[in-house]
Amino acid sequence: MKKKIPKGCIIAIVIVVIIIISIYSYLKNSYNSMVTLDEGVKAKWSQVENVYQRRYDLIPNLVNTVKGYAAHEKETFQAVTEARSKAGGTFNISEQVLNDPAMFQKFQQAQSTLGGALQRLMVVMEKYPDLKANQNFLALQDQLEGTENRIAVERKRFNETARMYNTYIKQFPRLVLANMFGFTEKQYFQSTEGAETAPKVEF
């Protein structure tokens, strides 16, 4: 005669199975959400890099055009060239920049220095009426102004996406899971003095 499993044991087994399934479902959903948000941050970072790269690529043509009218402004050209060189060294290291606060700060500082050098170049150019009438220069000026606006927009979007990700991984108990799976806090772009709006490149 077969012994009947006590009803209490069956209920306990069912409860344990339900708990295991619930925990697994929570872990899976949390992990997948972290992956999705992390990929979102990386995608926004790529857009930030793209607009900075566009500005970086515009500079040689801009400097060469300006040199034709203001060749003696050597100090200004040198400052732009050096700042561009330093900024160029911070590209193509996305993973490291996103996960290393010191490298993120270095990236932001290099780009800020380049932006400042470009602004000084544009201020100097106000002394040259012939340059301001040059069609090639005017086209480059328009492209640069558009790029600076895009930089401001993409930085804002990156910060918003990073904030969503950071908030998600910091909430308990996801904080424990994030630490287990290696999801770390992302850095934000910080405003520098005078960076509340995109630089205006106009004459």
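Of all residues in the stretch 78-111, which are part of a helix (DSSP H, G or I) and of a type in the set (Asp, Glu)?
Of everything in the stretch 78-111, those that are part of a helix (DSSP H, G or I) and of a type in the set (Asp, Glu) turn out to be Glu82, Glu95.
Any idea which of (1) loosely packed, with under 12 Cβ neighbours inside 10 Å; (2) in a loop (DSSP other than H, G, I, E, B) is the one Ser22 doesn't satisfy?
For Ser22, the failing item is (2).
Assess whether Gln119 counts as being in contact with a Leu (Cβ under 7 Å, 6 or more places away or on another chain), of a type outside the set (A, V, I, L, M), surrounded by fewer than 20 Cβ atoms within 10 Å (Cβ to Cβ) and in a helix (DSSP H, G or I).
No, not satisfied.
Taking the condition of being touching a residue at least 60 places away in the same chain (Cβ under 8 Å) and either within 16 Å of Gln109 (Cβ to Cβ) or touching a strand residue (DSSP E or B) at 6+ places or on another chain (Cβ under 6 Å) (or both), how many residues in the stretch 50-88 meet it?
Total satisfying the criteria: 2.
Taking the stretch 126-158 as the search range and keeping residues that are surrounded by fewer than 17 Cβ atoms within 10 Å (Cβ to Cβ), basic (Lys, Arg) and at pLDDT 90 or above, which one is farthest from Val41 (Cα to Cα)?
It comes out as Lys156.
Do we find that Gln47 is touching a residue at least 12 places away in the same chain (Cβ under 8 Å), assigned to a helix (DSSP H, G or I) and surrounded by 11 or more Cβ atoms within 10 Å (Cβ to Cβ) in this structure?
yes
If you check every pair at least six apart or on different chains, which have Cβ atoms under 6 Å apart with a residue in the stretch 89-107 that is farther than 17 Å from Ile151 by Cα first and a residue that is surrounded by 14 or more Cβ atoms within 10 Å (Cβ to Cβ) and at pLDDT below 85 second?
Qualifying pairs under 6 Å: Met103/Val97.
All but one of (1) part of a helix (DSSP H, G or I); (2) surrounded by fewer than 20 Cβ atoms within 10 Å (Cβ to Cβ) hold for Phe172; which doesn't?
Checking Phe172 against (1) part of a helix (DSSP H, G or I); (2) surrounded by fewer than 20 Cβ atoms within 10 Å (Cβ to Cβ), the one that fails is (1).
Has the stretch 68-77 got any residue that is aromatic (Phe, Trp, Tyr) and not in a helix (DSSP H, G or I)?
There is at least one residue in the stretch 68-77 that is aromatic (Phe, Trp, Tyr) and not in a helix (DSSP H, G or I).
The values are calculated or read from the model by the stated rules, or taken from the named source; none is laboratory data. Please read these numbers as outputs of a predicted model, since none were measured by experiment. Reconstructed Cβ throughout: ideal geometry from the backbone, glycine too, with neighbour counts over all protein chains shown.
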